[in-house]
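The values are calculated or read from the model by the stated rules, or taken from the named source; none is laboratory data. Owing to the predicted nature of the structure, the values given are computational and were not obtained by experimental measurement. Cβ atoms come from the backbone with ideal geometry, glycine included; neighbour counts cover every protein chain shown. Ligands, DNA and RNA are stripped out before the accessible areas are found, and what is left, the full protein with its side chains, is counted by its heavy atoms. Shrake-Rupley method; radii C 1.70, N 1.55, O 1.52, S 1.80 Å.
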Amino acid sequence: MKILIKTSLKLLFRTKLLWLFLILMPLLSTFIMKNKVEYSAYIEDEKNMIELGGADEKVSYNGAKGAYAVKVYDASMSQMSDQFLKNIADAGMFIICRADVSDLTVDDAYINERVKFDGYEDRMGAAMFISDDFDEKVRTGSYSDALTLYILSDDKRGEALESELRYQLCMISDPEASKMIDIIPQKKVVTVAGSLERNLTIEQNNQKSQMGYAFSFMTLGFVFCGFFVAYNSITEQKNGVLTRINLTKMTTLKYFLSKFVSLFIITVVMTLVMAVCSLLLNMEDLGMSRWEFVGMIFMMGLIFSALSMFIGMLMGDVMGASVAAFGLWCTSGLFGGVYFPLTHTSSTLKTISFMMPQKWFLEGTEMIYVGDSHAFLMLICITLAYLAVVISLGSLGLKVKNA
């Protein structure tokens, strides 16, 4: 068995393309993690005031999670109207979607047409028109001329909106009252997670996203490391080497294990390259220690290298094995959630996601971020489970194939 391992390693390290993956993938992953990027896909949008591109733009897409959306046609676009709408949005109960109509000729016919469109073709709680002389009307107390409110649903929050409008109009029209806003305690929203949830900060969401993309590149490197081991095995099968090995009474399981040990060493080498590259990173930006990061990379790499080797050896065809390796990388990354979150997808996709190793390592990343001490124990168990399945099926598959 030692001779098989030494021979496999010699062939692997002579493969120039292997060195390309061993060095290039860690460098690409390091480059991604070194750049701080805000990934909005992982962030719950907390903006309650949204600027529309035009009066024709629908607001239904902004009323997520049952929010009470209000479409505003602002013909004033003054500092006062801006502050007025921001104050309403800051109340936290409404989403204000403002369309700038200050450059348009706005009359009753135009507003009636827009409101009719909103009522039938869009979905919102209410619409509001702010006149071009809003500031003057508010200062003189002509509130009914300053703005017009159209209730477009039977949602009871419409009454709360009316009360909020009256309150905010009084506040901005009275300079003394408006000064009192500064001493009012600011609203603070505290989100409490359920027993199965982990709430991450915006920074942690960005860190998780960067880790996901880094996992993607590292996975590609490990997948093709496994492919090169499988390539050598395919060559040995075609040249009759495996048949001669079997004549020496060496079991198929031992042969498969020898390939796995070779793969283990290659995975260690690639992980060490990644560890060296991580010296260029500020680990505080990743939200975890260096040994935690390197440990996750090693375990994930071992799983994907073994899976790729297993698939390639069973296929017995170099072209098919390379396509299968690339397909494994694409589909596992897609369903594993490394490119975009699968939180709001169907239950079927979520079930498929839990079959992908990346999903578990992203879960482990979240657990590390929230200080869960069981993160590594979970990842070790997941790694051992995948390896046990791969080794068992691999040895059995080779035995059946060469029977």
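Show me the helices (runs of 4 or more DSSP H) entirely contained within the stretch 170-285 in which 2 or more residues are modelled with pLDDT of 80 or more.
On the way: elements: 175-179, 202-238, 241-247, 252-277.
Because the criterion is at least 2 residues that are modelled with pLDDT of 80 or more, the helices (runs of 4 or more DSSP H) in the stretch 170-285 that meet it are 202-238, 252-277.
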Can you name every residue in the stretch 277-291 that is open to solvent by 40 Å² or more (accessible area, probe 1.4 Å) and touching a residue at least 40 places away in the same chain (Cβ under 8 Å)?
LEU280, ASP285
Exactly one condition in (1) modelled with pLDDT of 80 or more; (2) under 17 Å from PHE304 (Cβ atoms); (3) open to solvent by 20 Å² or more (accessible area, probe 1.4 Å) is not met by TYR339; state its number.
(1)
Give the stretch 85-106 a look and list any residue that's open to solvent by less than 80 Å² (accessible area, probe 1.4 Å), in a loop (DSSP other than H, G, I, E, B) and not aliphatic (A, V, I, L, M), or say none.
GLY92, SER102
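For the stretch 55-73, state whether one or more residues are in a helix (DSSP H, G or I) and in contact (Cβ under 8 Å) with a residue 60 or more places away in the chain. Outline the logic, then answer.
Of all residues in the stretch 55-73, those in a helix (DSSP H, G or I) come to 60-62, 64-66.
Now narrow it down to the ones that are in contact (Cβ under 8 Å) with a residue 60 or more places away in the chain: 60.
Yes - at least one qualifying residue is present in the stretch 55-73.
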Within the stretch 140-159, which residues are over 21 Å from GLU113 (Cβ atoms), charged (D, E, K, R) and surrounded by 14 or more Cβ atoms within 10 Å (Cβ to Cβ)?
ASP155, ARG157
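Condition check ((1) modelled with pLDDT of 80 or more; (2) in contact with a Cys (Cβ under 9 Å, 6 or more places away or on another chain); (3) closer than 30 Å to ALA230 by Cα) across all residues:
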| site | (1), (2), (3) |
| --- | --- |
| PRO26 | yes, yes, yes |
| GLU44 | no, no, no |
| ILE50 | yes, yes, no |
| GLY63 | no, yes, no |
| ALA67 | no, no, no |
| LEU85 | yes, no, no |
| ILE88 | yes, no, no |
Only one of MET356, MET315, MET367, MET319 is at pLDDT 85 or above and open to solvent by 30 Å² or more (accessible area, probe 1.4 Å); which?
MET356
Is at least one residue of the stretch 387-403 touching a Pro at 6+ places or on another chain (Cβ under 9 Å), surrounded by 16 or more Cβ atoms within 10 Å (Cβ to Cβ) and either within 20 Å of THR219 (Cβ to Cβ) or not aliphatic (A, V, I, L, M) (or both)?
no
